[in-house]
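All remarks here apply to the structure that follows.
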Amino acid sequence: MRIIAITNQKGGCGKTTTALNLAACLAANDRKVLLIDLDPQSHATLGLNVAADLSMYNVLSKVTPQKAKLNDIIQHISPNFDLAPSSVVLSILEQELAGEIGRESQLWELFNEFQGDYNYILIDCPPNLGLLTVNALRATSEILIPVEASRFSLEGLSQLLDIINLVRERLNHTVNYRVLVANFDSRLRHSFAMLEKIKSTFNKKLFSTIIHVNVKLKEAQNHGTHILNYDKYSRGAKDYSTLARELIMEEYIPEATALLEGKMREALQQEIKHLSEVAFYFKDPQAKEVYIAGDFNNWKTDESSRMEFHDGAWIKKMALFPGRYRYRFVADGRWIEDPHNPTRVMNPYGQMDSLVEI
């Protein structure tokens, strides 16, 4: 079971939007997901149109007359997707725990006793660095930090990293963090300048997926649901589905490493002989950066899929095994089919993917 805290003390960076839509997309990929709303503002709870008498306050508080277990408050949202709701009364929990021994570990102790059958637990943290956020950091070894491509978002991130270091030093607990660029507006030149700064600063700590500005994400929350229920063909649905697949692929890294050992390594070397080099071309001299994403690289837009600009065209050479591959170009955040390849197929989002056969 993977427990991932989603946090950033700066509001408006897409924290809750990421929490509830990532949970929905993981669930759509046959993962059982529990989203815990640990924010007293209850935006995830409200964004899923849930009204509950019991909340995380009743689970974590030691003085409430309506003491409950985590299983008692869980609400079913959709197949494989459950929610542990929040309420405004959760805001007084920090005062209640102020004099408690081990107050930073209440959520961690709760998870140690929890018997739920989930592949993922996502925690939507408050937009501050208080006791509730520290509890979330103590209860997990993974943190997802949504950031906007802006200076203020980066400054807020540096303060959060200080808290992560403090948790490591004071509680002897190491937490690995990953940065997700969210609310990215590809229409602004400033966005690309800040994106380059984020990439140079965090390098391997950065998710390949970028969440673009999409009005459908806000509309979905206003209608009390997640993006897959509201508009599964929207850009927001596509971005969060890609993020979910990026997380899921990490599940197979240990297995893939083991398969490379012994005889499997030898078998892989034999398979490499069947690789063919394929050159992809895309003409757009005005583009600032272009990627190629497809079945062959799990639709990632990272350094390995960045195309190089030569003589008025963007070029990328790839070694591929025989087969049929869907792909698209990503020019300055715009997903475009190959204009020079007439072979195309419809994708699940109602758009056309280019198709190449090796």
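Return, ordered by residue number, the residues of region 306-344 whose backbone nitrogen is under 17 Å from a label point located 7 Å along Cα→Cβ of Ala279.
In region 306-344, the label zone of Ala279 (backbone N under 17 Å from the point 7 Å along Cα→Cβ) covers 307-320, 340-341.
Below 8 Å, C-alpha to C-alpha, sequence gap of six or more: please give me the relative contact order for the chain in percent.
For the chain, the relative contact order is 16 percent.
Kindly work out what percent of the DSSP beta bridges joining two residues of the chain are antiparallel, to the nearest 5.
Details: 29 of 55 bridges.
Percent antiparallel among DSSP bridges in the chain is about 55.
For all pairs of alpha-carbon atoms in region 273-357, what percent lies in each bin of width 5 Å, listed from the first bin to the last filled one?
The distribution over region 273-357 is 3, 15, 27, 27, 18, 8, 2, 0, given as percents.
Once the other residues with Cβ under 14 Å from the Cβ of Asp37 are scored (Lys, Arg +1; Asp, Glu -1), what is the net sum?
So the environment of Asp37 carries a net charge of -2.
Name the most mobile residue of Leu275, Leu217, Leu110, meaning the one with the largest mean-square fluctuation, in a Gaussian network model of the chain with Cα contacts below 10 Å.
Leu275
Taking the Cβ of Gly323 as the centre, find all other residues whose Cβ is under 9 Å away and add up their charges (Lys, Arg: +1; Asp, Glu: -1).
Working: positive: Arg324; negative: Asp295, Glu357.
Its environment carries a net charge of -1.
Fully extended, how many nm does the chain gain between Asn298 and Leu171 (0.36 nm per residue separation, minus their Cα-Cα distance)? Let's see the in-between values first.
Working: separation 127, 0.36 × 127 = 45.72 nm, distance 3.73 nm.
Full extension from Asn298 to Leu171 adds 42.0 nm.
Mind ranking 81-88, 13-20, 101-108, 283-290 by how tightly packed they are, going by the mean number of other C-beta atoms within 10 angstrom, highest first?
On the way: 81-88: 22.1, 13-20: 26.0, 101-108: 16.4, 283-290: 14.1.
Ranked by mean Cβ neighbours within 10 Å, highest first: 13-20, 81-88, 101-108, 283-290.
To make sure I understand, if each residue's beta carbon is the centre and we count other beta carbons within 10 Å, what order do Phe152, Phe192 fall in, fewest to most?
Details: Phe152 12, Phe192 17.
Fewest to most other Cβ atoms nearby, the residues stand as Phe152, Phe192.
Which residue fluctuates the most in the chain, going by a Gaussian network model with Cα springs under 10 Å, if the choices are Arg245, Arg187, Arg306?
So, out of Arg245, Arg187, Arg306, the one fluctuating most is Arg187.
So what's the gap between the Cα centers of region 169-243 and region 1-42, to the nearest angstrom?
12 Å
Given the pairs Lys232/Lys288; Lys15/Lys238; Lys232/Lys300; Lys32/Lys204; Lys15/Lys232; Lys15/Lys216, which span a C-alpha to C-alpha distance of over 25 angstrom in this model?
Working: Lys232/Lys288 29 Å; Lys15/Lys238 17 Å; Lys232/Lys300 19 Å; Lys32/Lys204 28 Å; Lys15/Lys232 20 Å; Lys15/Lys216 16 Å.
From Lys232/Lys288; Lys15/Lys238; Lys232/Lys300; Lys32/Lys204; Lys15/Lys232; Lys15/Lys216, over 25 Å: Lys232/Lys288; Lys32/Lys204.
Compute the FRET efficiency between Lys216 and Arg334 as 1/(1 + (r/R0)^6), taking r as their Cβ-Cβ distance and R0 = 25 Å, and round to the nearest 0.05. Don't skip to the end; give the middle numbers.
On the way: r = 17 Å, r/R0 = 0.67.
Using R0 = 25 Å, I get an efficiency of 0.90.
For an R0 of 41 angstrom, estimate the FRET efficiency from the Cβ-Cβ distance between Arg306 and Ser141 and round to the nearest 0.05. Let's see the in-between values first.
Details: r = 30 Å, r/R0 = 0.74.
Taking R0 as 41 Å, the efficiency between Arg306 and Ser141 is 0.85.
Could you check the simple spin-label distance between Arg103 and Asp53, using points 7 Å along Cα→Cβ, in nm with one decimal?
3.0 nm
What distance in nm lies between label points placed 7 Å from Cα along the C-beta direction at Asp162 and Met352?
Taking the two extended label points, one gets 5.4 nm.
What percentage of all Cα-Cα pairs in the chain are separated by more than 31 Å?
Values: 25350 of 63903 pairs.
Of all Cα-Cα pairs in the chain, 40 percent lie more than 31 Å apart.
Every number here is computed from the coordinates shown, using simple stated rules; none is lab data. Since the model is a prediction, treat every value here as computed from it, not as a measurement. Cβ sites come from the backbone with ideal geometry, for glycine too, and all protein chains shown count toward neighbours.
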